[in-house]
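Every number here is computed from the coordinates shown, using simple stated rules; none is lab data. Just so it is clear, the structure is predicted and the values come from calculations on it, not from any experiment. Cβ: placed from backbone, ideal geometry, glycine included. Neighbour counts: every protein chain shown.
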Amino acid sequence: MSEIIDLHSTSHLSELIKGADWSATVLDEVDSTNKYLKALAREGAPHGTVILAEGQTAGHGRFNRVFFSPDRCGVYMSLLLRPRLHAEEGLLITAAAAVAVCRAVETLTHKKPNIKWVNDILFNGKKLCGILTEGSVSENGDLEWAVLGIGINAYLPEGGFNPDIKDIATAVFDSLQEGSRDLLAATVINEFQRIYETLPRKDFLEEYKTRSCVIGRKIEVLKNGTSRPATALDITDNCELLVTFTDNTTELLNSGEISIKL
Ligand code: BTN
């Protein structure tokens with residue numbers, strides 16, 4: 001019996017991606033697909049350019065945290081968007097991608113993941129995917145371009161996740177299946193495309209909220225090295241998190257400076 005090796009394939013991906021907008025390239029290894037694509041964006045690459053990598057040596061997330069990206073174990077991809085959005089609406093891109101990832105995982109597995117505001121996808125309380133949108137803002141405050149980076153743990157690495165993350169990370173697939181990462185990447189892109197077409201209408205935010213594992217829960221708000229207990233009340237139309245603290249004050253949290261602990 002031949003050994004199964006789940007390799008990404010540019011041509012297979014192109015067949016699976018439905019929208020004409022997207023043009024995907026697979027790299028063997030890169031420091032970070034976001035970093036690579038940001039350089040292309042600055043050189044004028046078109047909307048719809050997609051970079052995937054089999055592995056990343058310096059994958060990163062919010063607050064410059066390391067995103068562990070072992071070879072052929074995940075979908076590490078970045079999508080270049082040139083949207084008509086004000087910079088303040090940029091969070092909608094992250095939120096739309098979060099919904100797209102949840103839909104894709106549900107389509108391909110029996111798992112029902114949920115969203116931890118603002119950019120994490122969890123299954124059974126463990127992280128399955130992280131999303132990082134980075135962009136360039138023009139003088140009038142519009143987004144010139146955005147690079148949407150999505151990192152999904154498709155499989156457990158051989159020997160399991162490293163000790164730092166083994167209690168907080170999980171994977172989409174329970175066993176190795178050829179073509180699965182391509183199918184996962186393409187399904188995410190296709191779902192994202194469906195949402196992106198009407199992004200400014202924000203219709204998908206209801207689904208984002210339904211999939212949220214934060215609303216109504218007690219959380220810790222982590223800001224500038226301090227932690228404050230709070231309850232998450234709602235998510236606004238601009239994807240801010242409305243919280244109430246124990247002294248009954250409320251605050252709208254913007255993802256830029258805040259992270260939360262469930
Ligand atoms: C987070 O967990 O805060 C976000 C993680 C985002 C990881 C993805 S993997 C593809 C792209 N390249 C990166 O360096 N980061 C994103």
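When only Cα pairs under 8 Å and 6 or more residues apart are kept, what is the percent relative contact order across the stretch 67-185? Present the calculation step by step, with values, prior to reporting the outcome.
Details: 202 pairs, mean separation 38.2, N = 119.
This gives 32 percent for the stretch 67-185.
Assuming a ≥ b ≥ c are the square roots of the Cα gyration tensor eigenvalues, decide whether the chain counts as rounded (a/c under 1.5), prolate (otherwise, with a/b larger than b/c) or oblate.
Working: a/c = 1.70, a/b = 1.26, b/c = 1.35.
Cα axes put the chain in the oblate bin.
Once label points are set 7 Å from the Cα along Cα→Cβ at both E29 and D234, what is their separation, rounded to one decimal in nm?
Those two pseudo-labels are separated by 5.0 nm.
Can you give the relative contact order of the chain as a percent, counting alpha carbon pairs under 8 Å and 6+ residues apart?
On the way: 537 pairs, mean separation 48.9, N = 262.
It rounds to 19 percent for the chain.
What are the semi-axes of the equivalent ellipsoid for the stretch 1-122, taken as the square roots of 5 times the Cα gyration tensor eigenvalues, largest first, in whole Å?
That gives 23, 19, 17 Å for the three semi-axes.
About its Cα centre, what dipole magnitude does the chain give when the only charges are +1 on Lys and Arg Cβ and -1 on Asp and Glu Cβ, stated in debye to the nearest 20? Walk me through the numbers on the way to the answer.
On the way: 27 positive and 36 negative charges, 131 e Å.
Taking the Cα centre of the chain as origin, the dipole is about 620 debye.
Per-residue HN-Hα couplings for the stretch 13-22, Karplus 6.51 cos²θ - 1.76 cosθ + 1.60 at θ = phi - 60°, whole Hz, x for Gly and Pro?
Going residue by residue, I get 4, 4, 5, 7, 7, 7, x, 6, 5, 9 Hz, with x marking Gly and Pro.
Along the charge dipole of the stretch 1-60, pointing to its positive end and built from +1/-1 on Cβ of Lys, Arg, Asp and Glu, which listed residue (A53, A39, S9) has its Cα farthest out?
Value computed over the given set: A39.
Long-range amide H contacts for S212: which residues qualify at under 5 Å (H placed 1.01 Å from N, peptide plane, sequence gap of 5 or more or a different chain)?
Residues meeting the amide H criterion: I115.
Which three semi-axes in whole Å describe the equivalent ellipsoid of the stretch 131-219, each the square root of 5 times a Cα gyration tensor eigenvalue, listed largest first? Working shown, then result.
Working: eigenvalues 168, 71, 54 Å².
Taking √(5λ) for each Cα gyration eigenvalue gives 29, 19, 16 Å.
Sorted from largest down, what three extents in whole angstroms do the Cα atoms of the stretch 1-60 have along their principal axes?
Principal axes ranked by extent give 47, 30, 14 Å for the Cα atoms.
Taking amide H positions as placed in the peptide plane 1.01 Å from N, state which residues far from V137 in sequence (5 or more) or on other chains have amide H under 5 Å from it.
For V137, the qualifying residues are E144.
May I ask you to evaluate 6.51 cos²θ - 1.76 cosθ + 1.60, the Karplus curve with θ = phi - 60°, for each residue of the stretch 87-104 and list the ³J(HN,Hα) values in order in whole Hz, giving x for glycine and proline?
Computed from phi, the couplings for the stretch 87-104 are 3, 5, 8, x, 5, 4, 5, 4, 5, 5, 5, 4, 5, 4, 5, 4, 4, 5 Hz.
Nearest 10 degrees is fine. How inclined is helix 180-196 to the longest principal axis of the chain, computing both from alpha carbons?
With both axes taken from Cα atoms, the answer is about 50 degrees.
Ordered by packing density, taken as the mean number of other Cβ atoms within 10 Å over each peptide's residues, highest first, how do 35-42, 98-105 rank?
Numbers: 35-42: 18.0, 98-105: 24.8.
In descending order of packing, they fall as 98-105, 35-42.
Ignoring everything except DSSP H segments at least 4 long, calculate the 222 nm mean residue ellipticity for the chain; use -39,500 (n - 2.57) per segment, divide by total residues, nearest 500.
Details: 5 runs with 58 residues, N = 262.
The helix contribution divided over the chain gives -7000 deg cm²/dmol.
Can you work out ³J(HN,Hα) from phi for every residue in the stretch 246-256, in order, using Karplus 6.51 cos²θ - 1.76 cosθ + 1.60 and θ = phi - 60°, giving whole Hz and x for Gly and Pro?
Result, rounded to whole Hz: 5, 8, 6, 6, 10, 8, 9, 9, 9, 4, x.
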